[in-house]
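The block underneath contains the structure these notes are about, expressed in structure tokens.
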């Protein structure tokens, strides 16, 4: 048997190998350490280190009966999985997890910028294939990306950023005011389901953000983009980029006070004991409903009974689906 050269072992590659190791060993009972090392492309020493780590892991509690039990130190070098702790089959994504990943990939594919489009398409296809059965079996799981931006606008923004070129925009503001302006693109960012172009606006002589779905036309100019050295990107935590939408007042428990720092807010009031009251402008109420469902009782909606009712309806639907599937 030829020796296996030790390759650089990053945390990511080792974690991937550890997750695959127990199911593979369970399916190949009695395989030797050398044979397993050959299969995974590592040295026998690396594989034994993995096995020593695995037998120290398991389910919460970490008592004797909660740990993965693998025997591999006998003289014949053969590996026996005594207790796989439910890891004897490859991990499977739940319908919700698969749907969330697909939505994230498709949203990223819609965001202009120098992404590796081929890699995104390949990852999406592989995930759709791997998760196909789970999504098909789950009632009511639909994966779709709601994007109202013009594909030609997105393509022009992507090209301008990739080539370092200026753009001419026809833009409709929040008050339906149509303007023409030349801008020097800086970056694309997303906030609460909306995609924005951040650029140096020559007309305003300042950094401005433009919602992509409000750009009627974008033309790549032949001249290079020239952003002044002192043009600072928008600080998302400062609230400088304000979403357009209805306000909502939230009371935040101490453990979720980070919302006031990571999302633009109109005002923050300290209530004592670490609690905060914040007023937010929410462009996409679906984002707000998902946030409230995730955080539960840590957030209280103070002035939007319509939002509260939407959260209750979503929670009831989720519980009903769970009861049916179980």
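We did not get these values from a lab; they are worked out from the coordinates using the rules stated. This is a predicted model, so every value here is computed, not measured. Cβ sites come from the backbone with ideal geometry, for glycine too, and all protein chains shown count toward neighbours.
Assorted remarks:
- The length gained by stretching the chain between residue 179 and residue 125 to full extension, at 0.36 nm per residue less their Cα-Cα distance, is 15.4 nm.
- FRET efficiency, 1/(1 + (r/R0)^6) with R0 30 Å, evaluated for residue 293 and residue 155 via beta carbons: 0.30
- Alpha carbon Rg of the range 11-83, scaled by the compact-globule rule 2.2 N^0.38 Å: 1.05
- The stretch between residue 314 and residue 118, if pulled fully straight at 0.36 nm per residue, gains 67.0 nm over its current Cα-Cα span.
- Annotation: the residues 56, 201, sorted from fewest to most other C-beta atoms within 10 Å of their own C-beta, follow the order 56, 201.
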